[in-house]
Amino acid sequence: MKYAEEYRMWLKGLRLADMLQKIADGLTYSSYDVWSGFRETIFYFPGHLAEAFMTTNVKEKIASFCRALNSLEEIIKRLEMSDREKCVKKKHFRKLKRNIAKFGREIGVYLMYQQRVCRRQYL
């Protein structure tokens, strides 16, 4: 990672994944399907972010950011499923959804910047 902004975003992503992991650990065994899918998605998300920040190729960087955003969408879907099954408290659900949406917007802003950089390279 070259810049402090990238490190800050990656660290924020790890904190978010850690918070989600604590919630996943609190899910009951009756919600095992939700739990297993939730854990799997949580582990993919920081990996895609790290991949995006470590690569030097702008197109690969954009693709990794898109995969990270898709992972966030999947996490939200899993959260909504667990909320429907009453596995997660409403308070935690709303807080996590807000944090995920905010972080997704930050990634989106950074992704737009990367796309502008990519266009300038080919002009």
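Only the coordinates and a few stated rules stand behind these numbers; no lab work does. These numbers were taken from a predicted model, which means no experiment stands behind them. Here the Cβ positions follow ideal geometry from the backbone for every residue, glycine too, while neighbour counts run over all protein chains shown.
As a calculated quantity, the FRET efficiency between Glu60 and Tyr3 at R0 = 30 Å, using C-beta atoms, amounts to about 0.95.
Extension gain for Ile76-Asp25 works out to 16.7 nm (0.36 nm per residue, less the C-alpha to C-alpha distance).
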